[in-house]
1. Using a 1.4 angstrom probe, figure out how much accessible area the range 2-309 has per residue, in square angstrom, rounded to the nearest whole.
2. Using the Karplus curve 6.51 cos²θ - 1.76 cosθ + 1.60 with θ = phi - 60°, work out ³J(HN,Hα) for each residue of the range 83-93 in order, rounded to whole Hz, and write x for Gly and Pro.
3. Taking R0 as 51 Å, what FRET efficiency do you get between Ala263 and Asp162 from their Cβ-Cβ distance, rounded to the nearest 0.05?
4. Using the C-alpha atoms of the range 149-243, what convex hull volume per residue, in cubic angstrom, is computed?
5. Under a GNM of the chain (C-alpha, springs under 10 Å), which listed residue has the highest mean-square fluctuation: Ala218, Ala203, Ala263?
6. Over the chain, with a Gaussian network built from C-alpha contacts below 10 Å, which listed residue (Thr40, Thr239, Thr172) shows the highest mean-square fluctuation?
7. Of all the Cα-Cα pairs you can form in the chain, what percent are over 36 Å apart?
8. Springs between alpha-carbon atoms under 10 Å, Gaussian network over the chain: tell me which of Pro115, Pro36, Pro260 tops the mean-square fluctuations.
Amino acid sequence: MRVIIAGGTGFIGTALTHVLTASGHDVTILTRRPRPAVPTTGGGRVDYAVWDGMTARGWGELAEDAAIVNLAGENIAAGRWNAQRKRDIVESRMAAGSAVVQAVAKAVAKAAVKPRVVVQASAVGYYGDRGGQVLEETSLPGTGFLAETAVKWEQSTRDVEDMGVRRVIVRTGVVLGAGGGALARMLPPFRLGLGGPVGDGKAWFPWIHLHDEVRAIAFLLTRSEAMGPFHLVAPGVVTNGEFAAALGKALGRPTVLRVPAFALRLALGEMADAALLASLRVVPTRLLALGFSFDFPDIASALADLTTAA
Ligand code: NDP
């Protein structure tokens, strides 16, 4: 199968490309910057199509009979949220979603073979800040910038369903992987023994190992009965305090220092509350019901793997 990955050059897209090509799928990465093709170890090939991030120009014809994974969007943690940054975060996602819908509409209009599936990225920030409430895929969205962004983001590709194309939404927790993402930012202070719980440490912290994140996406791509939202989070959701203790233990470092909420707010502004202090007790009900098995279901095994690899 050909899989088109919009935003496939990023942290998740790179790992997903490896998993898909290793199992024989061909991958086309949509990027705003051309790059030389990457050699792969498996049976599948990788190539790049340059796009503008907002239309089907230059790649729409590839969508026939393909699977599309839409990961594209300005990085949420790349800088302090000011009005312009927030606009970029939202608008880049709406534009990428609209491009996917255009490509699918073109393929369907040609009466050719329809795209097989659209996998739309989303985030557990959809739920806002929910204390100890257990959140399943049927739970209602929350409030705040991230929640409102996630709701619009999920809707950006909804029209493909009316065109008869299967759509899966991957509502993802904090992805822990070697060499990038949140863990790369956390490791330096924790290695120095300066890491610790954030705020009061009681907020629920939904996470997933990068290895399981991309396995789950590959699983949902090929399971024709999978539709709608899926939580991509490990079953072993922990509190922020438990996470800090587990990371300290994996590194053999103390974690007695707390990062006070006010200091985070001072450093990061609004992003601190939305992304680091929010409590989200998210569980992967639908993935487990479909028979997906996590290689790293608990935080100790995930961090043991990642701190050895990093
Ligand atoms: P990255 O930031 O690593 O990659 C995103 C990719 O999107 C980039 O490689 C870039 O590709 C492309 N991109 C960036 N800005 C734009 C833009 N303005 N228009 C079009 N494309 C753009 O993200 P991740 O791989 O970490 O995450 C993938 C998606 O999953 C993101 O949307 C993210 O919000 C979401 N997510 C990630 C989580 C995580 O913990 N990592 C958790 C929950 C959700 P290029 O420069 O080549 O065009």
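1. Details: 13290 Å² over 308 residues.
On a per-residue basis, the range 2-309 sits at 43 Å².
2. 4, 5, 5, 5, 4, 4, 4, 6, 5, 4, 6
3. That gives a FRET efficiency of 0.60.
4. On the way: hull volume 11.4 nm³, N = 95.
Per-residue hull volume (Cα only) is 120 Å³.
5. In the Gaussian network model the winner is Ala263.
6. Taking springs between Cα atoms under 10 Å, the residue moving most is Thr40.
7. Details: 7468 of 47895 pairs.
That tail contains 16 percent of the Cα-Cα pairs.
8. Of the options given, Pro36 has the highest mean-square fluctuation.
The values are calculated or read from the model by the stated rules, or taken from the named source; none is laboratory data. Bear in mind the structure is a predicted one, so any value in this text is a computation, not a measurement. Counting neighbours? That spans all protein chains shown, and the Cβs are built from the backbone with ideal geometry, glycine included. Areas reflect the complete protein model, heavy atoms only, side chains present, ligands, DNA and RNA absent. Shrake-Rupley method; radii C 1.70, N 1.55, O 1.52, S 1.80 Å.
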